[in-house]
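The values are calculated or read from the model by the stated rules, or taken from the named source; none is laboratory data. Given the structure is predicted, the values throughout are model-derived calculations rather than measurements. Don't worry about glycine lacking a Cβ; one is built from the backbone with ideal geometry, like all the others, and counts go over all protein chains shown.
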């Protein structure tokens with residue numbers, strides 16, 4: 001059996017593994033050095049583990065076998081050389097050892113086929129974490145939502161190092177909100193089905209157009225019932241689409257400036273998380289990192305997928321738990337989440353918008369907790385000498401702010417939002433446009449002797 005020393009291996013982690021396995025009783029067969037050496041069999045075993053974990057066979061596909069096309073990826077010898085970086089003589093011995101290891105004497109078959117196998121990196125390694133995700137969902141619904149150790153362990157595994165994740169472009173998955181950033185202002189919409197409710201809201205727009213106070217609001221994709229959260233959007237059309245108003249209702253849309261720096265997790269960037277540049281496939285921790293990377297790609301889709309009203313409570317449970325964990329992250333200060341709008345995904349105007357939800361610690365607007373009205377509001381203007389009236393809403397803001405502070409006991413974060421007073425618009429919903437994919441139902445005729453469709 002041939003032996004190889006660490007200096008003949010270019011891959012740093014494998015080099016250290018060979019150094020640890022080397023014996024002073026053997027020297028290298030591929031250089032003139034006197035360093036202790038390890039068996040080539042040891043290197044071949046490590047390569048076998050890496051191939052089984054990170055690669056898949058590409059030379060046994062229909063296109064290759066039946067149409068004689070060149071496989072994607074690289075042949076065995078090239079793949080191994082890219083992995084280990086060794087002299088040619090050592091490379092040939094490693095490949096020969098692998099082929100010997102892969103031969104099954106009982107079946108007289110090779111694990112990867114008789115011909116020269118080609119390999120390509122696996123497209124996804126997220127399966128184990130997806131199984132854990134399903135188990136966590138089951139535990140949340142059937143065991144305990146709060147103080148659930150299974151949930152805490154899984155969240156830490158997936159999101160614990162979220163602040164250190166790097167995307168394809170070299171950036172972070174955490175993006176800035178506030179002055180000078182893409183998200184320096186957010187739009188929010190509220191639906192009203194009566195003039196009375198609309199008028200009351202305009203008399204205190206900071207409170208009624210902002211996030212509901214603690215204990216009042218309904219549950220949403222990223223918050224449990226009664227848990228304050230500000231659901232906004234990057235533009236007015238997106239926030240209008242997201243509230244799904246009924247025909248005949250009024251929708252008030254207002255713009256809020258972000259008045260202090262915030263950090264948001266962009267769910268679309270989770271699908272772009274990359275392994276560290278220096279990550280080695282021979283490092284046992286890389287397998288876990290690769291599984292997490294691929295799971296994050298799947299998770300970004302799970303978190304933003306459309307949810308049917310009938311299953312809303314069930315499906316929102318898991319996204320609410322994720323939001324709870326992120327809002328209280330132990331090592332990263334995360335104030336909210338950015339995710340794509342499914343209600344306005346590539347709409348008729350050729351645009352798609354982003355939703356932004358701010359957690360409790362960033363959901364408060366300036367003057368939202370003042371008692372009493374901050375403005376006088378009128379919805380109609382009447383003819384001076386006639387019965388005609390015109391829908392012409394006006395607001396007269398009070399120069400003096402109410403002194404009473406309307407606050408419930410508990411944590412009161414510094415306001416992060418400020419209503420832009422002249423941004424308020426009222427939309428009267430006239431109709432709803434629905435975009436669909438249409439599939440005709442084929443009608444089959446039964447044979448007289450048949451009692452059911454095959």
*So residue 416 clears everything in (1) under 30 Å from residue 246 (Cα atoms); (2) modelled with pLDDT of 90 or more; (3) in contact with a strand residue (DSSP E or B) (Cβ under 7 Å, 6 or more places away or on another chain) except one condition, right? Which one?*
(1)
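When the residues of region 150-188 are narrowed to those that are in a strand (DSSP E or B) and either more than 14 Å from the chain's Cα centre (by Cα) or not assigned by TED's automatic domain parsing to the domain that holds residue 335 (or both), which ends up surrounded by the fewest Cβ atoms within 10 Å (Cβ to Cβ)?
Within region 150-188, the first condition is being in a strand (DSSP E or B), and the residues that meet it are 166-167, 172, 174-177, 183, 185-188.
Now narrow it down to the ones that are either more than 14 Å from the chain's Cα centre (by Cα) or not assigned by TED's automatic domain parsing to the domain that holds residue 335 (or both): 176-177, 183, 185-188.
Values: 176: 16, 177: 23, 183: 19, 185: 20, 186: 26, 187: 23, 188: 24.
Across region 150-188, the extreme among qualifying residues is 176.
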_Give me the residue from region 373-403 that is surrounded by 10 or more Cβ atoms within 10 Å (Cβ to Cβ) and more than 19 Å from residue 195 (Cα to Cα) and, out of that set, modelled with the lowest pLDDT._
402
*Scan (1) over 27 Å from residue 315 (Cα atoms); (2) under 25 Å from the mean Cα position of the chain (by Cα); (3) not in a helix (DSSP H, G or I) for the single condition residue 226 breaks and write down its number.*
(1)
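Yes/no matrix, rows are residues, columns are (1) modelled with pLDDT of 90 or more; (2) outside the structural domain of residue 52 (by TED's automatic domain parsing); (3) surrounded by 21 or more Cβ atoms within 10 Å (Cβ to Cβ); (4) out of contact with any strand residue (DSSP E or B) (no Cβ under 8 Å at 6 or more places or on another chain):
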residue: 271; (1), (2), (3), (4): no, yes, no, yes
residue: 276; (1), (2), (3), (4): no, yes, no, no
residue: 290; (1), (2), (3), (4): yes, yes, no, yes
residue: 308; (1), (2), (3), (4): no, yes, no, yes
residue: 328; (1), (2), (3), (4): yes, yes, no, yes
residue: 335; (1), (2), (3), (4): yes, yes, yes, no
residue: 344; (1), (2), (3), (4): no, yes, yes, yes
*For residue 246, are the conditions met, namely being in a loop (DSSP other than H, G, I, E, B) and touching a strand residue (DSSP E or B) at 6+ places or on another chain (Cβ under 9 Å)?*
yes
*Count, please, the residues in region 1-23 that happen to be exposed (fewer than 15 other Cβ atoms within 10 Å of the Cβ) and under 13 Å from residue 91 (Cβ atoms).*
1
